[in-house]
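*Asks:* To start, I am sharing the structure in question, which I have written as structure tokens.
Nothing in this text is a laboratory measurement; each read-out follows from the coordinates by a stated rule. Everything numeric here is computed off the predicted structure, so don't read it as measured data. Please note: Cβ atoms are built from the backbone with ideal geometry, for glycine as well, and neighbour counts cover all protein chains shown.
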């Protein structure tokens, strides 16, 4: 909900809760299963044809009220979103779960490759890579704070978007620091896929994993 999710309230009693949106249908079905298993509610998975992406939605008033009770703002929260204050009073393991969700919602996760030639031989190296982008300065500060708690190194960048007036904030995590997240059992959907790619690369000999 702190990433791609939104809550909209119409009139006094009608709520529409978008838990997630993505062009990856498998990810959306994964999110729907988590919601149904943990909250015991029925959600709808459907495709938005104009935006070419999939949504997980619920239209029950009680669910909208439940989500907002956790201090999730109603309406467009893109610029103002931040971790609710209660997040800083729960055990660190729960903040790791929040970080997982933000990686899945806002993160680009991949296994990058580079090659070098030395003495007529070509060597291929893999390194895991995460990039998280948002236009909310508060949210990027919150993500930084969690990573600092975990002693995971990262880089921060600020980019001016050409197509609009917003400034975009981003964090990148590479190499051994991504592996640290995986070793903490921080298995978000995207990190699980990355772990599988690392395993496949190791088993097939498609390059060495570089712990940068």
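*Asks:* In what sequence do 155, 144 fall when counting other Cβ within 10 Å, fewest first? It would help to have the intermediate numbers written out before the result.
*Replies:* Values: 155 11, 144 14.
Fewest-to-most Cβ neighbours within 10 Å comes out as 155, 144.
*Asks:* Relative contact order for the range 74-180 using alpha-carbon pairs under 8 Å, separation at least 6, rounded to a whole percent?
*Replies:* On the way: 139 pairs, mean separation 28.3, N = 107.
Relative contact order here is 26 percent.
*Asks:* Treat the count of other C-beta atoms within 10 Å as a stand-in for reagent exposure and order 134, 68, 200, 49 from fewest to most. All intermediate terms of the calculation are to be shown ahead of the outcome.
*Replies:* On the way: 134 22, 68 16, 200 11, 49 7.
Ranking 134, 68, 200, 49 by Cβ neighbours within 10 Å, fewest first, gives 49, 200, 68, 134.
*Asks:* Also, quick follow-up: Could you give the nm distance between label points at residue 167 and residue 145, where each point is 7 Å from its Cα heading toward the beta carbon?
*Replies:* It is 1.9 nm.
*Asks:* Still on this structure, please answer the following. If the chain between residue 65 and residue 110 were fully stretched, how many nm would it gain, using 0.36 nm times the residue separation less the Cα-Cα distance? Walk me through the numbers on the way to the answer.
*Replies:* Numbers: separation 45, 0.36 × 45 = 16.20 nm, distance 3.61 nm.
Gain on stretching residue 65 to residue 110: 12.6 nm.
*Asks:* What is the order of 24, 148, 104, fewest Cβ neighbours within 10 Å to most?
*Replies:* Values: 24 14, 148 11, 104 22.
Ranked by crowding around the Cβ, least crowded first: 148, 24, 104.
*Asks:* Continuing with this model, one more query. If r is the Cβ-Cβ distance from residue 133 to residue 42 and R0 is 30 Å, what FRET efficiency results, to the nearest 0.05? Spell out each step's value before the answer.
*Replies:* Details: r = 32 Å, r/R0 = 1.07.
The computed FRET efficiency comes out at 0.40.
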